[in-house]
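Trainee: Here it is: the structure, laid out below.
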Amino acid sequence: MDIVALMGSPRKHANTDMLLDEMIKGAEENGHKVTKYYVGDLDVHPCRGCGVCTMGKDCVFKDDGFEVTHKIAEAEGLIVSTPIYFGQMTGDLKVLLDRLFGITHNPLIPLSGKVALIFTHLGPEGYYNQYIELTKIQPFQMNMHYEIVDVLVAGSLGDVRNQPNKFVEAYEIGKKF
């Protein structure tokens, strides 16, 4: 299975990235090929809602967002990781996910698969549960028709290495692909 992994945090090698790497390790050890993207390094124009994609045509922007969204459409799996900043996923990740409109509304591009989600935040465990549930539903279940493999939430963070059980959980979720 081909899997695309999106690292939504601008902080490379920090909490979110370390958990993502562990989830990727589990998927790869299960025989899957994973391609990882650092979303903050991509050149992605925001969707402008022009509707060209709804007429069976490609997005008008031929940037990194075009490439990555098409890779997501071709893959059977997706891992999305993000810290929760100011109550939501990072802005860079949101801009990229909005560009999936061009895939989900293009009648010529089939889309289905599995998704696993990683959320890190500073709040107490459970603090962002409603936001996380909403994010699972929209865009992943409603628009993309993806099966949710699992969700890893690491709250009350400082250094995630102080929560070794989260690394085990990430690895085990990766093995579920």
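The values are calculated or read from the model by the stated rules, or taken from the named source; none is laboratory data. Being a predicted model, the structure only gives us computed values, none of them experimental. Positions of Cβ are backbone-derived with ideal geometry, glycine not excepted, and every protein chain shown enters the neighbour counts. These accessible areas exclude ligands, DNA and RNA; they are computed on the full protein's heavy atoms, side chains included. Shrake-Rupley method; radii C 1.70, N 1.55, O 1.52, S 1.80 Å.
Trainee: Report the charge-dipole magnitude of the stretch 30-154 in Debye, nearest 20, computed about the Cα centre from +1 at each Lys and Arg Cβ and -1 at each Asp and Glu Cβ.
Mentor: Values: 10 positive and 14 negative charges, 39 e Å.
Using Cβ point charges on Lys, Arg, Asp and Glu, the stretch 30-154 gives about 180 debye.
Trainee: Moving on. How much net charge surrounds Val95 when only other residues with a Cβ under 14 Å from its Cβ are counted (Lys, Arg +1; Asp, Glu -1)? Can you show the working numbers first?
Mentor: Values: positive: Arg48, Lys94, Arg99; negative: Asp41, Asp43, Asp63, Asp64, Asp92, Asp98.
Within the 14 Å Cβ shell, the charges total -3.
Trainee: Pick out, in residue order, every one of the chymotrypsin sites (Phe, Trp or Tyr not before Pro) in the stretch 45-100 that is DSSP loop and has at most 12 other C-beta atoms within 10 Å; say none if there are none.
Mentor: Details: sites: Phe61, Phe66, Tyr85, Phe86; in loops: Phe61, Phe86.
Hits after loop and neighbour filter: Phe86.
Trainee: May I pose another question? Rounded to the nearest 500, what is the 222 nm mean residue ellipticity of the chain from helices alone, with -39500 (n - 2.57) per DSSP H run of 4+ residues and division by all residues?
Mentor: On the way: 6 runs with 57 residues, N = 177.
Helix contribution divided over all residues of the chain: -9500 deg cm²/dmol.
Trainee: Size of the chain along its principal axes in angstrom, Cα-based, largest extent first?
Mentor: 49, 36, 27
Trainee: Further question: Using only Cα atoms, what is the ratio of the radius of gyration of the stretch 63-123 to 2.2 N^0.38 Å? Present the calculation step by step, with values, prior to reporting the outcome.
Mentor: Details: Rg = 12.8 Å, N = 61, 2.2 N^0.38 = 10.5 Å.
Working it through for the stretch 63-123, the quotient is 1.22.
Trainee: Once you charge only the Cβ atoms, +1 for Lys and Arg and -1 for Asp and Glu, what is the size of the charge dipole of the stretch 97-159 about its Cα centre, to the nearest 20 debye? Intermediate values should be presented prior to the final figure.
Mentor: On the way: 3 positive and 6 negative charges, 50 e Å.
Rounded to the nearest 20 debye, it is 240 debye.
Trainee: With a Förster radius of 22 Å, plug the Cβ-Cβ distance of Tyr85 and Tyr127 into 1/(1 + (r/R0)^6) and report the FRET value to the nearest 0.05. Let's see the in-between values first.
Mentor: Working: r = 14 Å, r/R0 = 0.62.
The computed FRET efficiency comes out at 0.95.
Trainee: Given 0.36 nm per residue, what is the gain on full extension from Lys62 to Met142 after removing their alpha carbon distance, in nm? Don't skip to the end; give the middle numbers.
Mentor: Numbers: separation 80, 0.36 × 80 = 28.80 nm, distance 2.59 nm.
Residue separation times 0.36 nm, minus the Cα-Cα distance, leaves 26.2 nm.
Trainee: Sticking with this one: Keeping every protein chain present and rolling a 1.4 Å probe, give me the accessible area per residue for the chain in Å². Mind dumping the intermediate values first?
Mentor: Details: 8610 Å² over 177 residues.
The answer is 49 Å² per residue.
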